[in-house]
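Sharing a structure below in structure tokens format, with a few things to ask.
The values are calculated or read from the model by the stated rules, or taken from the named source; none is laboratory data. Keep in mind that what you see is a predicted model, and the values were worked out from it rather than measured. So basically every Cβ, Gly included, is an ideal-geometry build from the backbone, and we count neighbours across all protein chains shown. To get the accessible areas, we keep the full protein, side chains included, count just its heavy atoms, and leave off ligands, DNA and RNA. Shrake-Rupley method; radii C 1.70, N 1.55, O 1.52, S 1.80 Å.
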Amino acid sequence: DDNDENNFLDYSFQNGYYELNKDNISLIINKYSDLNLDQYKSAVYSAIVDSGIDLLSQRVESEIEYFAKYIVLSNGNTEEYETPFVILLNNESISIEIRQRLISHNRTEINAIEQVDELDLMNLLFEQGKVTPSWKNIKHYFVKNEIEEIDDRISIFINQNKEVIVGE
């Protein structure tokens, strides 16, 4: 009976009686939200954030290290949207090692580097070319690193992007 199945799903979801994995997350989002999951094939955390399902968001947050390590870093999940990705990078409940792996794993480019709190993560984003090339971002790099001269990291970044640096 469909009604019994729905009651069971509601009960399981509302009481947290489910494993946190991509399949269950998709099932929950499809049932409790109007989100088009086709737009989030490579962005599971972004889908959760955009779904507006508080109970799911709270569950993920309560297991954020596990979630980041085993679900966000899973194969194919490489296109998180910028704002949710920055939320993950700034989440101190996730180990620095996992956050560094998130940067390497994801193709996401950060448009405004000042959104990233951790200096080491900001520097890694520059090293991996995952920062929008702009003079504003380059200036922020100098300020945060408390340097006045070009270092190797920013020199390489500028040279790789000299044709496309935008702004000011």
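Considering only region 37-54, how many residues are open to solvent by less than 70 Å² (accessible area, probe 1.4 Å) and either over 13 Å from the mean Cα position of the chain (by Cα) or of a type in the set (A, V, I, L, M, F, W, C) (or both)?
Of the residues in that region, 9 qualify.
In addition: Please go through region 55-64 and give me each residue that is open to solvent by 20 Å² or more (accessible area, probe 1.4 Å) and either part of a helix (DSSP H, G or I) or over 27 Å from L9 (Cβ atoms) (or both), ordered by number.
Answer for region 55-64, where residues must be open to solvent by 20 Å² or more (accessible area, probe 1.4 Å) and either part of a helix (DSSP H, G or I) or over 27 Å from L9 (Cβ atoms) (or both): L55, S57, Q58, R59, E61, S62.
Take E97 and tell me if it is at pLDDT 95 or above, outside any loop (DSSP other than H, G, I, E, B), under 28 Å from S51 (Cα atoms) and acidic (D, E).
yes
Can you find even one residue in region 65-83 that is within 30 Å of N123 (Cβ to Cβ), open to solvent by 40 Å² or more (accessible area, probe 1.4 Å) and β-branched (V, I, T)?
Within region 65-83 (the criterion being within 30 Å of N123 (Cβ to Cβ), open to solvent by 40 Å² or more (accessible area, probe 1.4 Å) and β-branched (V, I, T)), the answer is yes, since at least one residue qualifies.
Now for a different question. Report whether or not L88 is within 21 Å of L37 (Cβ to Cβ), open to solvent by less than 10 Å² (accessible area, probe 1.4 Å) and in contact (Cβ under 8 Å) with a residue 12 or more places away in the chain.
yes
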